[in-house]
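Here is the structure we will look at, set down as C-alpha cells.
The values are calculated or read from the model by the stated rules, or taken from the named source; none is laboratory data. Just so you know, these numbers come straight off a predicted model, no measurement behind them. Glycine also receives a Cβ, built like all others from the backbone with ideal geometry; neighbour counts cover every protein chain displayed.
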Amino acid sequence: MKFIFVSNYINHHQIPFCEAMRRRLGENFCFIQTEPMAEERVRMGWGVDLARLPYVRVLYGEPEAVRQLEQEIQDCDIALFGWTEREDLAQRRLSAGKPVIRESERLYREGQWKALSPRGLLRKYHDHTRWRSAEAYLLCNGAYVASDFAIVHAYPGKMFRWGYFPALRTYTEEQLRAWKGPVWRGEPGPLRLLWAGRFLALKHPEFAVHYAAHLREQGIPFHLDMIGEGELADALRTYVRQSGLDGNVTFHGFLPPGEVRGYMERADLFLFTSNHLEGWGAVLNEAMNSGCAVVAGSEAGAVPFLLRQNQNGLVFDGENEGDFTAKTDYLIRHPERIVALGMEAYRTIETTWNADCAAERLVRFAGTVLGGVREGGFTVPEDGPMSPAPVLRPFMKVPEIRGQDRGI
C-alpha cells in the first residue's frame with residue numbers, strides 16, 4: 001500500500017506516528033510538507049531538521065518537483081490530509097473516486113453558532129458534505145470535532161477518535177517513585193507542580209499561580225515550575241513577586257521538548273488549564289506518559305478522549321477556577337490518589353494512546369478500505385485511536401468529585 005500523509009509541516013508531535021508508519025510500510029510511506037514551519041513554532045523549539053527524516057518531502061521549490069509530488073498524491077493508494085492550504089489536492093482525489101482520510105481539529109472552536117454563516121456552510125459543503133457517500137473518512141483530533149462535523153452532515157458513521165502522539169517513553173513504577181516527589185514514596189515533603197505551554201489567555205496559566213498562592217496560605221510545602229512564554233508573562237511574574245511566591249515558583253521560559261519531559265518526569269501534579277480554544281493539547285499526552293496526576297479542564301480537545309474522571313486524572317468544569325481549585329485540593333487531601341492516578345495515566349498512554357497503536361490500527365483500517373469492504377472488515381476498537389468518535393456537545397457540565405467517586 002502506498003500511503004501519503006499531507007500536512008502543512010511536520011513537528012515533534014507527528015514524528016513518532018510517521019516513524020511508526022514507516023516501520024510498517026517502509027518506503028511506501030511518506031510525509032509531504034506543504035509549507036515551511038511558522039517562525040513562532042521554531043522559536044518555541046519545534047524546529048525539525050528535515051535532512052534527518054528520509055520520509056519527509058516538501059511541496060515547494062522547483063516547479064517540476066512540485067508537479068511530480070502532486071501526481072504522486074493523486075496516484076497513491078491512501079492519502080491522509082492534515083491541515084493544509086492545498087485543499088485542491090484532496091478534492092482532486094475525491095473527484096476521481098479515490099479514498100481520502102482527513103484528520104481535523106474543530107471547525108467551530110469559537111462557538112457552533114458560526115455554523116449559521118451561509119458562506120461558511122457553502123465552503124463546508126464543497127470540502128466535506130458533498131462527499132458524505134464517498135470513500136472519505138475523518139480522524140477527529142479532539143473530542144468535540146465530531147459534533148462540529150455532524151452539524152454540516154459530513155462523514156456519517158465514518159468519524160473516528162484520533163489525536164496527536166508524542167514520543168512514548170517507558171518507565172517502571174520504581175523509576176517513577178525514585179524520580180518524583182516524596183508523596184510517591186509515602187514520605188513528607190514538598191509537592192512538585194508543573195504547568196507548561198504558551199502564556200495565553202485561552203490556556204489560563206493564572207490558575208496555576210493563583211493556586212500556588214492558595215497552597216502558600218494553607219501552609220502546604222510545594223514548588224511550582226512554569227514553562228513557557230507569552231503575552232501574560234509579565235503579569236504572571238508580577239503576581240508571583242507581589243505575592244511573595246518567588247521561592248515557590250520558578251519561571252523557565254520556553255524549553256526544548258526533551259527538557260520539558262524531564263520536568264514532567266519529576267512532577268507530581270500537572271495542571272492543564274486550557275479552555276475550548278485548545279484543539280488538542282499534546283502536553284497532556286506527555287504529562288500522562290510521565291506519570292503525572294493531571295488536573296485538566298473539560299473543554300480542551302484531548303481531555304474527554306484521554307481522561308476518565310478519577311481513574312487516570314481529574315477533570316474540572318470548563319473555565320471554572322473554583323472547580324479547578326476544588327479538584328486539585330481533593331488530590332492534596334488524598335495523596336494516595338496522586339500516585340494511583342499518575343500510574344493509571346501512564347498505563348493509558350503506554351497501552352493505547354501512542355503512535356504504535358495508532359499506526360497499527362490505521363494501517364489495518366486502510367487495508368480494509370482498499371479491499372472494498374464496507375462492513376465487518378475492520379474490527380473497530382472500543383476505545384483509543386480509530387474507535388468511533390462520539391458526538392459530544394461542547395461545554396458539558398462536569399460533576400463534582402465526592403469521596404472515592406470513580407467516574408462520570
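Worth pointing out:
- Here Gly189 meets the list (1) outside any helix (DSSP H, G or I); (2) surrounded by 20 or more Cβ atoms within 10 Å (Cβ to Cβ) almost entirely, failing just condition (2).
- Residues of the stretch 315-357 that are hydrophobic (A, V, I, L, M, F, W, C), within 21 Å of Gly186 (Cα to Cα) and touching a helix residue (DSSP H, G or I) at 6+ places or on another chain (Cβ under 9 Å): Leu331, Ile332, Ile338, Val339, Leu341, Met343, Ala345.
- Helices (runs of 4 or more DSSP H) completely within the stretch 268-346 that count 1 or more residues being of a type in the set (A, V, I, L, M) and closer than 29 Å to Tyr108 by Cα: 282-289, 303-306
- Glu231 assigned to a helix (DSSP H, G or I), assigned by TED's automatic domain parsing to the domain that holds Arg337 and on the phi < 0 side of the Ramachandran plot: no
- One residue from Gly97, Gly61 being exposed (fewer than 14 other Cβ atoms within 10 Å of the Cβ) and modelled with pLDDT under 95: Gly61
- Residue ID - nearest to Gly301 (Cα to Cα), chosen from residues in the stretch 240-285 that are touching a residue at least 12 places away in the same chain (Cβ under 8 Å) and of a type in the set (D, E, K, R): Glu278
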